[in-house]
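**Student:** Quick one: structure below, then a few questions.
Read-outs throughout are calculated quantities, based only on the coordinates presented, and are distinct from any laboratory measurement. Computed from a predicted structure; not experimentally measured. With ideal geometry, Cβ positions are generated from the backbone for all residues, glycine too; neighbour counts draw on all protein chains shown.
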Amino acid sequence: MLDTLENKNNLIALVGASNDPKKYGNKILLDLVSKGYNVAPVNSKEKTIAGIKSYKNVLDLKESPSIINFVVPPSIGFRITKELVENNFDNFWYQPGAESEEISYFLNENKKNFIDDKCIMVVTKLN
């Protein structure tokens with residue numbers, strides 16, 4: 001799944017994107033965009049984030065994301081993850097603090113690809 005980051009045209013959905021500069025949902029979005037990645041912010045309460053159109057749900061995206069990156073509490077992430085698995089999404093990435101044993105178990109049981117021990121900002125810095 002990390003190889004999908006090599007093509008910066010691949011879409012990354014960022015669940016928990018935020019306009020609040022103190023939140024990692026904002027820092028991650030700005031970091032990925034500054035590195036040239038194609039990022040779709042996902043936040044049910046915002047119309048735009050950092051001047052980019054925001055989506056209420058990953059299911060609202062016109063293009064299927066290569067990676068769905070989560071920067072929300074595990075309880076919210078688990079609910080969203082279950083819905084996305086039911087809709088045949090395969091590649092999930094949980095930022096530190098967004099992961100949980102419950103999510104990992106669920107994704108393993110459903111044979112989905114996921115990363116839950118790396119920060120996407122650090123990994124993309126290495127590319």
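**Student:** Which aspartates and glutamates have a Cα less than 19 Å from the Cα of K82, not counting those fewer than 8 places away in the same chain?
**Tutor:** D60, D90, E99, E101, E102, E109, D116
**Student:** To make sure I understand the rule: partners must be lysines, Cα under 17 Å from the Cα of K8, and not fewer than 8 residues away in the same chain. Which ones qualify?
**Tutor:** K35, K125
**Student:** Still on this structure: Calculate I(q)/I(0) for the chain by the Debye formula, one identical point scatterer on each C-alpha and no solvent, and give its log10 at q = 0.15 Å⁻¹ to two decimals.
**Tutor:** Taking Cα atoms of the chain as identical point scatterers yields -0.61.
**Student:** Using amide H atoms built in the peptide plane, which far-off residues or other-chain residues are under 5 Å from E99 H to H?
**Tutor:** none
**Student:** Here is a follow-up. Which ³J(HN,Hα) values, rounded to whole Hz and listed in residue order, are derived for the stretch 89-103 from phi using the Karplus coefficients 6.51, -1.76 and 1.60 in 6.51 cos²θ - 1.76 cosθ + 1.60 with θ = phi - 60°, glycine and proline given as x?
**Tutor:** Couplings: 7, 10, 10, 10, 9, 10, 5, x, x, 9, 8, 7, 4, 4, 5 Hz.
**Student:** In addition: Report ³J(HN,Hα) in whole Hz for each residue of the stretch 45-51, in order, from the Karplus equation J = 6.51 cos²θ - 1.76 cosθ + 1.60 where θ = phi - 60°; Gly and Pro get x.
**Tutor:** The phi angles translate into 10, 10, 8, 9, 9, 6, x Hz.
**Student:** Further, regarding this structure: Which of E83, E99, E109 ends up with the largest GNM mean-square fluctuation for the chain, with Cα atoms connected below 10 Å?
**Tutor:** Judging by the Gaussian network model, the answer is E109.
**Student:** Skipping prolines and chain starts, which residues have an amide H placed within reach, meaning under 5 Å, of the one on N113, given they are 5 or more residues away or on another chain?
**Tutor:** The list, which skips near neighbours in sequence, is F92.
**Student:** Another question, if that's okay. Can you say what percent of the DSSP beta bridges in the stretch 2-126, counting only those with both residues inside, are antiparallel? Round to 5.
**Tutor:** Looking only at bridges with both residues in the stretch 2-126, the antiparallel portion is about 10 percent.
**Student:** A follow-up question, please. Work from the charge dipole of the chain (Cβ charges, +1 for Lys and Arg, -1 for Asp and Glu, about the Cα centre) and give the residue of V39, F106, I80 farthest towards its positive end.
**Tutor:** V39
**Student:** Residue-wise, which Karplus ³J(HN,Hα) couplings in Hz belong to the stretch 104-115, taking 6.51 cos²θ - 1.76 cosθ + 1.60, θ = phi - 60°, and x for glycine or proline?
**Tutor:** Rounded to whole hertz, the list is 4, 4, 4, 5, 4, 4, 9, 6, 9, 7, 7, 10.
**Student:** Here's a follow-up. With contacts defined as alpha carbon pairs under 8 Å and 6 or more residues apart, what's the relative contact order of the stretch 2-126 in percent?
**Tutor:** 22
**Student:** Grab the DSSP H runs of the chain that are 4 residues or longer, score each as -39,500 (n - 2.57), total them, divide by all residues and round the 222 nm result to the nearest 500 deg cm²/dmol.
**Tutor:** Values: 4 runs with 40 residues, N = 127.
Rounded to the nearest 500, the figure is -9000 deg cm²/dmol.
**Student:** Go through the stretch 1-70 and name the GluC sites (Glu not before Pro) that are in a DSSP coil and have 12 or fewer other Cβ atoms within 10 Å of their Cβ.
**Tutor:** E63
**Student:** How big is the charge dipole of the chain about its Cα centre, in debye rounded to the nearest 20, if each Lys and Arg gets +1 on its Cβ and each Asp and Glu gets -1 on its Cβ?
**Tutor:** 560
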